[in-house]
Amino acid sequence: MIAKTTIVRTGLETLYFSGAHKLMRPLVGGVGAILMLHHVRPPRSDAFQPNRQLEVTPDYLARVIARLRRMQVDLISLDEMHRRLVERDFSRRFACLTFDDGYRDNKEWAYPILKAARVPFGLYIATSFPERLGKLWWLVLEAVITRNDRIALVMDGEERHIACVGVDTKRAVFEQLYWWLRGLRSEADVLEVVRDLAARYGVDTAALCGELCMDWSEIAEMARDPLATIGAHTVNHVMLAKSPEAVVRAELTRSRTVLEAALGSAPVHFAYPFGDRTTAGPREFAIAAEVGYKTAVTTRPGVLFAEHAGHLTALPRISLNGTYQDERFISVLMSGAATACGTASAASTPPERDLGA
């Protein structure tokens, strides 16, 4: 993991300091980009932070906004992005800031920065989270490994006992179990394992959701600001491509219905949970369009091109990864050079980890 981080950082720095990103931008820079974030909060001192890539600091967010404006990039809403793509209005490059899941730190730390700078933003809400029914299973896994030096679980039908002593070992165990869970056949299989781990090791999933995620009153407060666009993110934050078609349709339609009932208007923008190639594909893109979403975003890394007007429910995003909080990398990512060279894919942000959430 450390080796990969070093390689990615070296790649980003090489593109920046060599000036290659500037030379490549006319060829691979596209017309704009959708930026993806999850948590925004002050840095934590914990040595073991396996989901650290999902959080950036408030200072970094402010510096990103300032950098984009110095680059003369328009910061626009999702509706305006849709208009520019459909009407082929590419006179100026643009960026949309989006936040997945609905974490409370978005309101506490990101929102004041966005409001002061008058920056439009999108919030994709998984509706089970404000109802305290959601399973933040990647965080449950982190909590179990953090609190224990040895854990037991059933893997592929066998009881396994795994040592988790020391930070390096905990990181390795987290990566092993995270990707094993992601490789299971269905969402139900994942949740069965996580429920068992939570019960064995005393992790209160509802309390975790209540601690980290906004409730409906907090979401409604943000939704009243014209800067905010509320989008759907399913009900249960499921890996859609591993679900039957009926479940996919239900998750996409019910989440919109719940958001309309709670906030007074139905969302027209959607984000696929996890959103990589293993969790969202052509079937999901077609269903999102059929049920009426104007846009839907993945976590596949990339900038936007004019051709995306024909693929509005399969849009890529650029992850603002907490491991690489250097504002000069924004210039590289917005240039499209990192994606073209494969660096953006390597720097993407898992759980949503194949970045996104």
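Conditions tested, residue by residue: (1) surrounded by 16 or more Cβ atoms within 10 Å (Cβ to Cβ); (2) out of contact with any Ser or Thr (no Cβ under 8 Å at 6 or more places or on another chain); (3) of a type in the set (A, V, I, L, M, F, W, C); (4) under 24 Å from A232 (Cα atoms).
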residue: L37; (1), (2), (3), (4): yes, no, yes, yes
residue: N51; (1), (2), (3), (4): yes, yes, no, yes
residue: R67; (1), (2), (3), (4): yes, no, no, no
residue: E80; (1), (2), (3), (4): yes, yes, no, yes
residue: C96; (1), (2), (3), (4): yes, no, yes, yes
residue: F99; (1), (2), (3), (4): yes, yes, yes, yes
residue: Y103; (1), (2), (3), (4): yes, yes, no, yes
residue: I113; (1), (2), (3), (4): yes, yes, yes, yes
Selection within the stretch 148-165 - open to solvent by less than 40 Å² (accessible area, probe 1.4 Å) and in a loop (DSSP other than H, G, I, E, B): N148, C164
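Please find, among I113, I76, I34, the residue that is modelled with pLDDT of 95 or more, closer than 16 Å to H269 by Cα and over 18 Å from the mean Cα position of the chain (by Cα). Even if it seems obvious, please write down each step before you answer.
On the way: I113 fails: closer than 16 Å to H269 by Cα; I34 fails: over 18 Å from the mean Cα position of the chain (by Cα).
Just one listed residue meets the conditions, I76.
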Cβ-Cβ under 9 Å pairs, at least 6 apart or on other chains, the stretch 149-162 side closer than 22 Å to F48 by Cα, far side of a type in the set (D, E) and surrounded by 10 or more Cβ atoms within 10 Å (Cβ to Cβ): L153/D196
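Can you confirm whether the stretch 257-266 contains a residue that is farther than 24 Å from N51 by Cβ, surrounded by 17 or more Cβ atoms within 10 Å (Cβ to Cβ) and under 20 Å from the mean Cα position of the chain (by Cα)? Give the steps one after another, and end with the answer.
Keep residues of the stretch 257-266 that are farther than 24 Å from N51 by Cβ, which gives 257-266.
This time we only want the ones that are surrounded by 17 or more Cβ atoms within 10 Å (Cβ to Cβ), so: 258-259, 262-263.
After this cut, where a residue has to be under 20 Å from the mean Cα position of the chain (by Cα) as well, the list is 259.
Yes: the stretch 257-266 contains one or more residues that are farther than 24 Å from N51 by Cβ, surrounded by 17 or more Cβ atoms within 10 Å (Cβ to Cβ) and under 20 Å from the mean Cα position of the chain (by Cα).
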Among the residues listed as L208, L197, the single one being crowded, with 18+ Cβ neighbours inside 10 Å, out of contact with any His (no Cβ under 9 Å at 6 or more places or on another chain) and within 22 Å of D101 (Cα to Cα): L208
Matching residues in the stretch 285-302 - criterion: being open to solvent by 10 Å² or more (accessible area, probe 1.4 Å), not aromatic (F, W, Y) and not in a strand (DSSP E or B): A286, A289, E290, V291, G292, K294
The stretch 166-182, subset aliphatic (A, V, I, L, M) and within 23 Å of the chain's Cα centre (by Cα), residue surrounded by the most Cβ atoms within 10 Å (Cβ to Cβ): L177
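Please pick out the residue among V203, V193, V235 that is closer than 22 Å to Q49 by Cα and part of a loop (DSSP other than H, G, I, E, B). If you could, list the steps in order and put the result at the bottom.
On the way: V193 fails: part of a loop (DSSP other than H, G, I, E, B); V235 fails: closer than 22 Å to Q49 by Cα.
Matching residue, one of V203, V193, V235: V203.
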Yes/no for T229 being among the β-branched types (V, I, T), open to solvent by less than 50 Å² (accessible area, probe 1.4 Å) and touching a helix residue (DSSP H, G or I) at 6+ places or on another chain (Cβ under 9 Å): yes
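Quick check, is V144 modelled with pLDDT of 95 or more, out of contact with any Ser or Thr (no Cβ under 8 Å at 6 or more places or on another chain) and not in a helix (DSSP H, G or I)? Steps first, please.
Working: modelled with pLDDT of 95 or more: yes; out of contact with any Ser or Thr (no Cβ under 8 Å at 6 or more places or on another chain): yes; not in a helix (DSSP H, G or I): no.
It is false that V144 is modelled with pLDDT of 95 or more, out of contact with any Ser or Thr (no Cβ under 8 Å at 6 or more places or on another chain) and not in a helix (DSSP H, G or I).
Restricting attention to the stretch 79-106, which residues are part of a helix (DSSP H, G or I) and over 16 Å from the mean Cα position of the chain (by Cα)? Full working, then the answer.
First pass over the stretch 79-106, keeping only residues part of a helix (DSSP H, G or I): 79-87, 104-106.
Of everything in the stretch 79-106, those that are part of a helix (DSSP H, G or I) and over 16 Å from the mean Cα position of the chain (by Cα) turn out to be D79, E80, M81, H82, R83, R84, L85, V86, E87.
The values are calculated or read from the model by the stated rules, or taken from the named source; none is laboratory data. All of these numbers come straight from a predicted model, not from anything done at the bench. When we count neighbours, we look across all protein chains shown, and the Cβ atoms used for this are built from the backbone with ideal geometry, even at glycine. For the accessible areas, the whole protein counts, side chains as well, though only heavy atoms, and no ligand, DNA or RNA atoms are used. Shrake-Rupley method; radii C 1.70, N 1.55, O 1.52, S 1.80 Å.
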